[in-house]
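The values are calculated or read from the model by the stated rules, or taken from the named source; none is laboratory data. What you are looking at is a predicted structure, and each value in this text was computed from that prediction instead of being measured. A quick note on method: Cβ atoms are made from the backbone with ideal geometry, for glycine too, and the neighbour counts reach across all protein chains shown. Note: areas computed on protein heavy atoms with side chains; ligands, DNA, RNA excluded. Shrake-Rupley method; radii C 1.70, N 1.55, O 1.52, S 1.80 Å.
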Amino acid sequence: MKFSRMIKNQLAQKKWSVAKFASEINRTAEHARKLQNGTAFPSADLAERIAVKLGIDPREFQKQLIADRWLRKHGQKPPQPEHSSMGPLQEIWHDLTPEQQECVLCVANCLMTKRISARIQ
């Protein structure tokens, strides 16, 4: 489950243990462990709390939860629009740390700058 990878990435970045995570979201260590491992899904209010505490965009986290619930229920990814806004990058974006995401955006901006410069010349 990708939502659990988002949690794991942020816990690693913050250097939080499962016990610390559990304390921050007011849940038992066992429940926090299940959330981290993707064997339990958070309720809507808990999802919001997790996103805020871990510094994850709440809308993106909720979007990923919906997709992961669909995957668990139907055994396949949810239907996607014909053209994803991020293309293949969409699949791995949430697996990247915020620093890696920033690096990818920097590279993309550099590529766009070179592309614009080439058109002007």
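Side notes on the structure shown:
- For segment 35-46, the tally of residues that are assigned to a helix (DSSP H, G or I), modelled with pLDDT of 95 or more and surrounded by fewer than 17 Cβ atoms within 10 Å (Cβ to Cβ) stands at 2.
- Cβ pairs under 6 Å, 6+ apart, first in segment 42-63 and within 16 Å of Gln13 (Cβ to Cβ), second surrounded by fewer than 14 Cβ atoms within 10 Å (Cβ to Cβ): Ala51/Pro58
- Evaluation of Arg49 against (1) of a type outside the set (Gly, Ala, Ser); (2) touching a helix residue (DSSP H, G or I) at 6+ places or on another chain (Cβ under 7 Å); (3) open to solvent by 30 Å² or more (accessible area, probe 1.4 Å); (4) part of a loop (DSSP other than H, G, I, E, B) (one fails), failing number: (4)
- Of the residues making up segment 67-91, those that are surrounded by 12 or more Cβ atoms within 10 Å (Cβ to Cβ) and of a type outside the set (D, E, K, R) are Ala67, Trp70, Leu71, Pro78, Leu89.
- Residue check for Lys8: at pLDDT below 95 and closer than 21 Å to Glu91 by Cβ: no
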